[in-house]
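Okay, here's the structure, questions in a sec.
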Amino acid sequence: MDKLAINGGTKARETPFPARRPFGDEEVRLVTEAVRSQNLFAWDGHFVRDFERAFADLYGAKFAVGATSGTAAIHLAVGALDPEPGDEIVTAPITDLGSVVPILLQNCIPVFADVDETYNMDPADVEAKITPRTRAIIAVHLFGNACRIDEMREIADRHGLMLIEDASQAHATRYKGRYLGTWGDIGAFSLQQSKHMTTGDGGMSITNDEELHRRMWLFSDKGYLRKGLGPRAYRFLAPCYRMNEETAAVGLPQVARVRGRVERRMELGGLLSDLLGEIPGVRPAPVTPGSEHSYWLYPLGLDDFDSKAFAEALSAEGVPSMAGYIGRPIFMCAEACVAKKTYGGSGFPFESPYTERKIEYTEDMCPNVYRVLRRMTTVGLHENYEAADVRDIARAVEKVARLLPKA
Ligand SMILES: Cc1ncc(COP(=O)(O)O)c(C=O)c1O
């Protein structure tokens, strides 16, 4: 009799899934060339400038600025806006903390808009969260699926706000024919190991605006207006997030390949959705109308099951699964928000003469987040999978959905 692996049955998938292989001979060749040049500093080399140019060209943007992480890339964007302490920035409650840290580091207040059924922020709630102190929106495209960024653009324009896109999980992914990251005033990308293109760690921000580019450029380098040797000038307070040559040498050849990777993920993710659509009790990944889905991670909807029990049973079948992604709203995960652990014991910027509205981050702030996360689990897939691997995932899900008691 068919028995769940968690109860001693045979695993649906015995062998490990294929390892991801994001780097090839070209990366080895270029990183070797960078090291052999005896210079790994961007200002004296060409790899970072070449990578920025190629990245900007891929997205049809005028400018790109490299950074040391996705968090840093978003911080470049927030820093470029030069917000006042206590200004509010509206962002997503289901995301990596990297979308939020730059807001606090720039002494602004993160305000969270609730999500819709796609796990992305709901434009109606974004608009509801706008106050006279709102300065910007950081829109996040979760799992590789667009939020309704055209509506965010319209809201931002109507309220005179800047729009930053966090496209860390949605590289080379189109919404209504246009790449994510190009709808905002600035688009920011993480290049961390798990991302569609990666340098292990790294980030990139793109813009068409000359002044925003100039400020991001300075913001990545201590505000340092480099003019060769001689007396120095630093234009404003800024961190040092400079990308180095070996990082760019690894990133550069992937610019030409990232869309191919994304297309392969779309194929595999689409196949998984077709197969899951046949299984009672589970829901395939939602796709925002007009969006491609590049499946950075695959969210599996569960209406009839306890997601933790489902994820454990699925993992035991040989398909690693993570119940509820981050589990709860990002502000409840972060003591910097919920306990205001920011700068010493000050509670700044929450506690400050610049901040008129006192915000407490509470469980019930974005009620849809708990609702949707409680009813989902994630599975991974990537461009090095074969269709047979995806079929195994679907087979394992079908087995668990059939045999696991309903909650
Ligand atoms: C949506 C999102 N934003 C921001 C980040 C932060 O990127 P990094 O870890 O490169 O700083 C990540 C990375 O996990 C992410 O997924």
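Where a number appears in this text, it was derived from the coordinates with a stated rule and is not lab data. As the structure is a prediction and not an experimental result, all values here were calculated from the model. Positions of Cβ are generated from backbone atoms using ideal geometry, with glycine treated the same way; all protein chains shown enter the neighbour counts.
For region 81-221, just say rounded, prolate or oblate: build the C-alpha gyration tensor, square-root its eigenvalues into a ≥ b ≥ c, call rounded for a/c under 1.5, and beyond that prolate if a/b exceeds b/c, oblate if not.
It comes out rounded by the Cα gyration axes.
Calculate how many DSSP beta bridges within region 1-138 are antiparallel, expressed in % of all such bridges and rounded to the nearest 5.
The antiparallel proportion sits near 10 percent.
What do you get for trypsin sites (Lys or Arg not before Pro) in region 268-372 restricted to DSSP loop and a cutoff of at most 14 other Cβ within 10 Å of the site's Cβ?
Details: sites: 308, 340, 341, 357, 358, 371; in loops: 340, 341, 357, 358.
Qualifying residues, ordered by number: 341, 357, 358.
With each pseudo-label sitting 7 Å past Cα toward Cβ, what's the residue 208-residue 402 distance in nm, one decimal?
Distance between label points: 5.3 nm.
Using the Cα centre as the reference, give the magnitude of the dipole from point charges on the C-beta atoms of the chain (Lys, Arg: +1; Asp, Glu: -1; all else neutral), rounded to the nearest 20 debye.
Details: 48 positive and 56 negative charges, 120 e Å.
It works out to roughly 580 debye.
Show me the ranking of peptides 391-404, 6-19, 58-71 by mean Cβ neighbours inside 10 Å, starting with the highest.
Result, highest mean first: 58-71, 391-404, 6-19.
What FRET efficiency, computed as 1/(1 + (r/R0)^6) with R0 = 25 Å and r the Cβ-Cβ distance, is obtained for residue 374 and residue 131, rounded to the nearest 0.05?
0.25
Net charge around residue 328, counting only other residues with Cβ within less than 15 Å of its Cβ (Lys, Arg = +1; Asp, Glu = -1)?
Neighbourhood net charge equals -1.
If you don't mind, another one. Under 5 Å between amide hydrogens, which residues at least 5 positions from residue 378 or on another chain qualify, with H placed 1.01 Å from N in the peptide plane?
300, 322, 323, 324, 325
Strictly over 30 Å apart at the Cα level, which of 3/195; 62/222; 62/195; 11/176; 3/308 would you flag in this model?
The answer is 3/195; 11/176.
Taking a ≥ b ≥ c as the square roots of the Cα gyration tensor eigenvalues, with a/c under 1.5 meaning rounded and otherwise prolate when a/b beats b/c, else oblate, which class fits region 199-299?
Taking the square roots of the gyration eigenvalues as a ≥ b ≥ c, region 199-299 is prolate.
Next up: For the chain, calculate the relative contact order in percent as a whole number, restricting contacts to Cα pairs under 8 Å that are 6 or more residues apart.
In percent, rounded to a whole number, it is 22.
Shifting gears a bit: Rounded to whole Hz and in sequence order, give me ³J(HN,Hα) for region 370-375 from the Karplus expression 6.51 cos²θ - 1.76 cosθ + 1.60, θ = phi - 60°, writing x for Gly and Pro.
Couplings: 4, 4, 6, 6, 5, 10 Hz.
While we're on this one: Find how much the distance from residue 335 to residue 117 grows on full extension, using 0.36 nm per residue of separation minus their present alpha carbon separation; answer in nm with one decimal.
Full extension of this stretch gives 75.8 nm more.
Give the long-range amide H neighbours of residue 115: residues separated by 5 or more places, or on another chain, with amide H under 5 Å away, using H modelled in the peptide plane at 1.01 Å from N.
The list, which skips near neighbours in sequence, is 122, 368, 369.
HN-Hα J couplings of region 252-265 from phi, Karplus 6.51/-1.76/1.60, θ = phi - 60°, integer Hz, Gly and Pro as x?
Whole-Hz 3J(HN,Hα) from phi for region 252-265: 3, x, 7, 4, 6, 9, 5, 5, x, 4, 5, 5, 5, 5.
Which of 64, 233, 293 sits closest to the plus end of the dipole of the chain, meaning its Cα is farthest towards the positive end, when Lys and Arg get +1 and Asp and Glu get -1 on the C-beta?
About the Cα centre, the residue reaching furthest to the positive side is 233.
Rounded to the nearest 0.05, what FRET efficiency is calculated for residue 234 and residue 391 with R0 set to 45 Å and r the Cβ-Cβ distance?
Between residue 234 and residue 391 the formula returns 0.20.
Given the chain, what percent of its DSSP beta bridges are antiparallel, to the nearest 5?
60 percent
If you count, for each residue, the other Cβ atoms within 10 Å and average over each peptide, how do 288-296, 258-266 line up from highest to lowest?
288-296, 258-266
Could you calculate the contour length gain from residue 7 to residue 41, that is, 0.36 nm times the residue separation minus the distance between their Cα atoms, to one decimal place in nm?
Numbers: separation 34, 0.36 × 34 = 12.24 nm, distance 5.55 nm.
Contour length minus the Cα-Cα distance gives 6.7 nm.
Let me ask something additional. Assuming a ≥ b ≥ c are the square roots of the Cα gyration tensor eigenvalues, decide whether the chain counts as rounded (a/c under 1.5), prolate (otherwise, with a/b larger than b/c) or oblate.
Oblate, since a/c reaches 1.5 and b/c is not below a/b.
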